[in-house]
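All of the numbers you see were taken from the coordinates with simple rules; none came from a lab. Since the model is a prediction, treat every value here as computed from it, not as a measurement. Glycine also receives a Cβ, built like all others from the backbone with ideal geometry; neighbour counts cover every protein chain displayed.
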Amino acid sequence: MHGYHDVWHSFPPAYLTRQSTGLELGTGWAWGTLILPYLEQKPLYDAANFDLGFGEVSGPLLGLRENKTVRLVSLSMFLCPSAEGGEGPIDLGAGSSRVAISPGQYIASAGWLDTSKTPVKGAGVLYPNSRVAIAAVSDGTSTTLMIGERSRNLADASWPGSFGSLADPAPLCTKPGRPTQSCVGMMFLLMGRSGPSSDIVSGSIPGGNTPNAPGSGADGFASLHPGGCQFLLADGSVRFMRDAVAPTVFQALASRAGGEILGADQY
């Protein structure tokens, strides 16, 4: 992430979208693809045809067939070693429109954001088409979340990108043993939000979107680690976030410039 920042003078966006009006569908190349050159994966990055996009509203399959090499590569750096659920692809669409994408278990922290308006702007560091520089993280990089975990047992996530115009989100929101889950659209294959959020399946999520919150799903953070989740902060450090963290504290950690003052014992 910081290697990308050194070159582009900002952190990468959660994903790149070409949509300018209407409800944001969550279609575009993700932050995971954009940082490949700084993860010793330059050949894989060069194999991506960014001119074709990653599925388009005007033509849902546009770019997906041509970018098969990138979207089907499984990279261990995007998978939690202790997570269950396998490295197999996420199947989206059906019939002739069926497309598979490689999974990931780390998602961007968008903070609070309203997905009903385009362009979508988040309070966090990574959101659609964002270009947030370190200087804009006025809350402090050591107390601002950037990337967090999402267990595949809870809801699927993807590292290369997402194409919202093809998929019925329901399969992403229903996992065995998790009858009550958030289901809010394909953009959350790539990022999570801090809440409060609405859940089109079952109403509001208890406690917002804190780590491992009951009912948290396709827009939340979760892991199989007892007691919380791992997060990458904007200073490059990794911290274990307790799932008992207060929702207001978690929202403050997810914002880049909210002006909140936090003590280390609060999270």
Problem set entry | Candidate aspartates and glutamates for bridging to Lys121, where Cα separation is under 15 Å - those fewer than 8 sequence places away on the same chain excluded | Glu24
Problem set entry | Simple label model, 7 Å out from Cα along Cβ direction - Thr21 to Ser142, nm | 4.8 nm
Exercise. Under 5 Å between amide H atoms, partner at least 5 residues away or on a different chain: which partners does Ala222 have, H built in plane at 1.01 Å?
Worked result: Glu149, Arg150, Ser151, Asn212
Seminar exercise, completed: Once phi for every residue in the range 260-267 is put through the Karplus expression 6.51 cos²θ - 1.76 cosθ + 1.60 (θ = phi - 60°), the whole-Hz ³J(HN,Hα) values, with Gly and Pro written as x, are 6, 10, 10, x, 4, 7, 7, 8
Exercise. Could you give the length gained on full extension between Thr118 and Ile261, defined as 0.36 nm per residue of separation minus the Cα-Cα distance, in nm?
Worked result: 48.4 nm
For this session: May I ask you to sort Ser142, Ser151, Ser109 by Cβ crowding, counting other Cβ atoms within 10 Å and putting the fewest first?
Result: Ser142, Ser151, Ser109
For this session: May I ask you to sort Trp29, Trp8, Trp112 by Cβ crowding, counting other Cβ atoms within 10 Å and putting the fewest first?
Result: Trp8, Trp112, Trp29
